Amino acid sequence: FPCVFQAILIFCWVYVRKYQSRRESEVISTITAIFALAVALISSALLPVDIFLVSYMKHQNGTFKDWADANVSRQIEDTVLYGYYTLYSIILFCVFLWIPFVYFYYEEKEEDDGNTCSQVKTALKYTLGFITICAVLLLIGAFVPLDIPSKKNSTEWEKVKLLFEEFGSSHGLTALSFSISSLTVIGMLAAITYTAYGMSALPLNLIKGTTSAAYERLENTEDIEEVEQHLLRIKSKCRDGRPLSSRDRRTVKQLEERLRTLRRRERHLESIEKSWWTKFCEAIRPLKIVWGVFFIIVALLFTVSLFLSNLDKALHSAGFDSGFIILGTNLTNPLNMLLPVLQTVFPLDYILITTIVMYFIFTSMAGIRNMGIWFFWIRLYKIRRGKTRPQALLFLCMILLLIVLHTSYMIYSLAPQYVMYGSQKYLVQVRSVVATYNQLGNVFRSLLLLFAFLLDQCIVTRTYLFLHKFWFFSAAYYFGNWAFIAVFLIGLTVSCCKGKKSVIEGEVDEDDSDMSDDELSVYYR
């Protein structure tokens, strides 16, 4: 585990340093971004570990291992639960306190280079709103009972007493679950926006590649000559001393800005054409195509499995009031078929789950990098190599934290029984029942597995307990899955219709200063 943590921290440091602006970098924002990104990646590893632990306690014949008695299994369950408590509490701390404070502190620092005390006070004032939202969510989750009292004539004191009894018996699990589920809904919206697009854009960009730097330089040179000639034609009107019209002056200003942008492009293209990194990328071009084909196959497998799982819920679940929860698997999807096969060879099933989780994370990064950070139709920030502002990095890490929370439910949607129980098997004592069991449908088998859980024959993952405390969140996730599929198909269509990306896609914009050329030159030498 220490080696894994070190690898995660090194990756986060390299990733943040790769994209952050050299001119605007700040120590506190860099540390915050690295820490938040590391928490997101570590949290994504909770699901495979949780599934492995509940599966490891039982033999293949359904009996518990000698060391896994009631006390030991309870200790393991509590340890995993405390792990969720810790990481999810850190996520709440990052989303509602640390990241907002650093963001507003840096915003105030840009506007006013005065004393630090004033900047801290202003940042705390704005952060207080986020803290209030977090407190409200925790209170709602803690004191809204899931079970309505059966006594209609119960007094107000008895109702309040019931609330505190439920809060004490759950050890705060319901409060934390409600807060995390609320953030997961926001993460679902982020996944629909960024991850669905990234799953289509990343593979196709790898397959299609980028345009040649030499060809782009040739086109850029022609554009420069055309703009210069246009400028000369306009300026020739005032050779006899006559002033230019207001329309011509506006045109000249626009053409001069366009010319500056084209000359910056020229410098960037020249630097890229001579760099060793470009030559290396050209050498591994076949490998990129192979990875692109692999990623698009995984994306299609993921989408088809999600579609069949959602269709199964639409046809066989108890409906909206139950959160579209389904007991069995009536429509088998590819992933649900593959996991039981891989269970026979340890640890292939855990490798597959881990791969899917990491694929989800990296496609999310690709989606955010390609689209930038938006608020509805307003583009707030761009994610560009060596030129990303600290505020944009903080937003990126917060979005990834929210997407990671939604990842667990996405995996549950694909393989619900596996996420609940892993590879556990259970014993049925009567032989006639065993014979009948093999002839029964999936729904009844799931009922038997549910009864086995109630009888302590199977141990449910802690992930499932966090995911299904509130039915209305499950209903929201169900509709979110349909939206995810739709956005993926739209993104796939758009990515197929688009041509090759420019070799300096998004690196040069009209609002960049000439000083920004020095930042990018670090990567292309």
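One table, with the values for the structure above:
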| quantity | calculated |
| --- | --- |
| Span from the region 305-370 Cα centroid across to the region 27-59 one, whole angstrom | 19 |
| Region 178-198 versus region 205-249: alpha-carbon centroid distance in Å | 43 |
| Entries of K125/K469; K18/K469; K18/K125; K235/K382; K387/K498; K237/K501 with Cα pairs more than 30 Å apart | K125/K469; K18/K469; K18/K125; K235/K382; K237/K501 |
| Long-range amide H partners of Y381 with built H, under 5 Å | I373 |
| Accessible-area value, F375, 1.4 Å probe, nucleic acids and ligands omitted, Å² | 120 |
| Accessible heavy-atom area order of W291, W277, highest first, probe of 1.4 Å | W291, W277 |
| Lys, Arg +1 and Asp, Glu -1 on Cβ, resulting dipole of region 186-344 about Cα centre, debye, nearest 20 | 840 |
| Assigned charges on the beta-carbon of Lys, Arg, Asp, Glu; region 252-310 dipole about Cα centre (debye) | 260 |
| Pair E282, L81: separation of 7 Å Cα→Cβ label points (nm) | 6.1 |
| Relative contact order for region 213-289, counting Cα pairs under 8 Å that sit 6 or more residues apart, in percent | 48 |
| Solvent accessible area, Å² - V4, 1.4 Å probe, full protein context | 80 |
| J(HN,Hα) series, region 361-368, from Karplus relation 6.51 cos²θ - 1.76 cosθ + 1.60, nearest Hz, glycine and proline x | 5, 6, 5, 5, 4, 5, x, 5 |
| Karplus-derived 3J(HN,Hα), 6.51/-1.76/1.60, for each residue of region 299-310, Hz, glycine and proline x | 4, 5, 4, 4, 5, 5, 5, 5, 5, 5, 5, 5 |
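The values are calculated or read from the model by the stated rules, or taken from the named source; none is laboratory data. Not measured: the values here are computed from a predicted model. Here Cβ is always computed from backbone atoms with ideal geometry, including for glycine, and neighbour counts include all displayed protein chains. To get the accessible areas, we keep the full protein, side chains included, count just its heavy atoms, and leave off ligands, DNA and RNA. Shrake-Rupley method; radii C 1.70, N 1.55, O 1.52, S 1.80 Å.
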